[in-house]
Each structure stands twice: as structure tokens, then as C-alpha cells.
Amino acid sequence: MKALIVEDEYLAREELAYLIREHSRIEIAASVEDGLEAFKFLQENEVDVVFLDINIPSIDGLLLAKNLHKAARPPRIVFVTAYKEFAVDAFELEAFDYILKPYNETRIAHVLHKLETLEPPPSSAPAAPAADAAPASRTVNLAKGDSIIVTPCDDIYYVEADEKVTLVYTARDRYVMAMSISEFVSRLPADSFFRCHRSFCVNIHKIREIAPWQNSTYLIKLYDLKAEIPVSRSNIKAFRQLMHL
């Protein structure tokens, strides 16, 4: 059995790797520190289980898990996080388990034992569509007054956290969603949207200009909109890789 660790805190990543080696025969295929690195690794490599933090740079853990769940042979997901409030979201994604930090060695040993006694996860590859079936569109429901607007994800330019709501911007409109930015971003395709900052997620296909900003970071400027979106220092490495800077 092979595992991937996705954790941006070095000490937590090393401690988890130690506990896995100490209490199981699971092979650690790789350890990465952000969601984009994990996504790229899993496009080329297959693992049986992903130990996944939620609050990670570039692609947060819930959004990454949502996309992994669609794979032909999805790995089992064990969330490792300091936040209790995401447990419901995690299990809606059929997570195998949810471990809270700081780590409890007995608890982790129990999860590892359960993993090793399971059969390999079955393939969830969808049946081939009928020859005349229309291709699936990537859409998201946005609230506008009393109406629900079914909106192509490609129409969304960026998303912004605003206290307890999330603002969603298209070329022509702004929508107010009564949910956290992490919850909304988990509904967006990971190959098009980048969580550049704790409060912002941007459609990478709408980026017109990348300008230097304070503390050696960047400001993102978009087609059609005047907004300037910051890239946080913790996301610079992933952003440079993504944009080939």
C-alpha cells in the first residue's frame, strides 16, 4: 500500500511520516506541501491513500479531495487537520477518516491498522457515455435574489471571502453566496482555479497581467475587470510553478 502526505507544516509532515513508518507497512510515495504539487503528483502516480491537510496553499484540501474522488481509482482520503468544523464536509466527500491535530499516536495507529486490513479501493470509472450524449458542462449554481443562476465555471473570474459570505465575480455581475470561501471553492474545477490567498481564488484563464508587489509577492490583474488580486507569500512557490515564472 502506498501513501501520499499533503501537509504544509514541516514538523507536522515529519511527525506523520514517522508515525506511519512506526505503526504500519505503508510506503510513503511522496510528501508535498501544497495542493497543486499533490494534484500534479497524482496525475502521474497512483497511491492507495492520501493523508490530507485542509488548510494548505494553492488548492485547499476539500477541493483537492473533491477532484480526487472523480478519479478512475480514487485513493482513500484521511484528513489531518486542526479544524473540527470541516468534518461534515469531509465525510460528504466519503473520507476514510478525519484526524485532528495535535496527533494522537494511538488514534493514528488505529487508522493505519484499518487501512492495512482493507481490500484495495474499487474502480469508480464511469460508464462510457452514449454516442449521442452531450458532453458534461462544468457549472455552479449562483444565487441572484430569489433565483438560482446556473453558471459555467469558466464565466467566473475570481472569488473573494467577505466575513461570513463569499463574493463571486463574473464579467457582468457579483453574486453573494452564504457560505465560506473554502466551501464554495470546493465546487470549482481544480484545473482552472487557484487559491492565491486566504481570501481570494482566481480563474487562471482570466489572468491578464502579473505585477510585482510588496514583499516580493505579486498582484494579479484580470481581463475585463479592474480588480487587483494579491498572491500571499505562502502561495508564491506554487503560483510561480503554475504560471511558469
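The values are calculated or read from the model by the stated rules, or taken from the named source; none is laboratory data. From a predicted model like this one, the values you see are computed outputs, not experimental measurements. Counting neighbours? That spans all protein chains shown, and the Cβs are built from the backbone with ideal geometry, glycine included. The protein model used for the area step is the full one, side chains on, heavy atoms only, and it has no ligands, DNA or RNA in it. Shrake-Rupley method; radii C 1.70, N 1.55, O 1.52, S 1.80 Å.
When the listed pairs 66/101; 144/164; 144/206; 206/226; 66/206 are checked against a 20 Å cut-off, the alpha-carbon distance exceeds it for 66/101; 144/206; 66/206.
Apolar share of the accessible surface for the chain: 49 percent from carbon plus sulfur atoms, 1.4 Å probe. Loop-located trypsin sites (Lys or Arg not before Pro) in the range 1-109 (DSSP state not H, G, I, E or B) with no more than 12 neighbouring Cβ atoms inside 10 Å: 25, 70.
With a Förster radius of 35 Å, plug the Cβ-Cβ distance of residue 87 and residue 211 into 1/(1 + (r/R0)^6) and report the FRET value to the nearest 0.05.
0.35
Distant-in-sequence amide contacts of residue 48, defined by a placed amide H-H separation under 5 Å and a gap of 5 or more residues or a different chain, comprise 2, 3.
Restricting the calculation to Cα atoms, the chain yields a radius of gyration followed by a Dmax of 18.9, 55 Å. With a ≥ b ≥ c taken as the square roots of the eigenvalues of the C-alpha gyration tensor of the range 201-245, please select rounded if a/c is under 1.5 and otherwise prolate if a/b is larger than b/c or oblate if it is not? It comes out oblate by the Cα gyration axes. Shown is the FRET efficiency for residue 243 and residue 139, computed with R0 = 22 Å from the Cβ-Cβ distance and rounded to the nearest 0.05: 0.25. Surface exposure of the chain, expressed per residue as accessible area with a 1.4 Å probe, stands at 53 Å². Here the Debye sum runs over all C-alpha atoms of the range 139-245 as equal scatterers in vacuum, and log10 of I(q)/I(0) at q = 0.10, 0.18, 0.21 Å⁻¹ comes out as -0.27, -0.85, -1.14. GNM on the chain, alpha-carbon springs under 10 angstrom: the most fluctuating residue among 212, 74, 230 is 212.
Please find, in a Gaussian network model of the chain (springs between Cα atoms separated by less than 10 Å), the residue of 118, 16, 219 whose mean-square fluctuation is greatest. Evaluated over the chain, the most mobile residue of the options is 118. How big is D for the range 1-75, in µm² s⁻¹ as a whole number, if Stokes-Einstein is applied with the Kirkwood radius of its Cα pairs at 10 °C and 1.306 mPa s? Once the numbers are plugged in, D ends up at 129 µm²/s.
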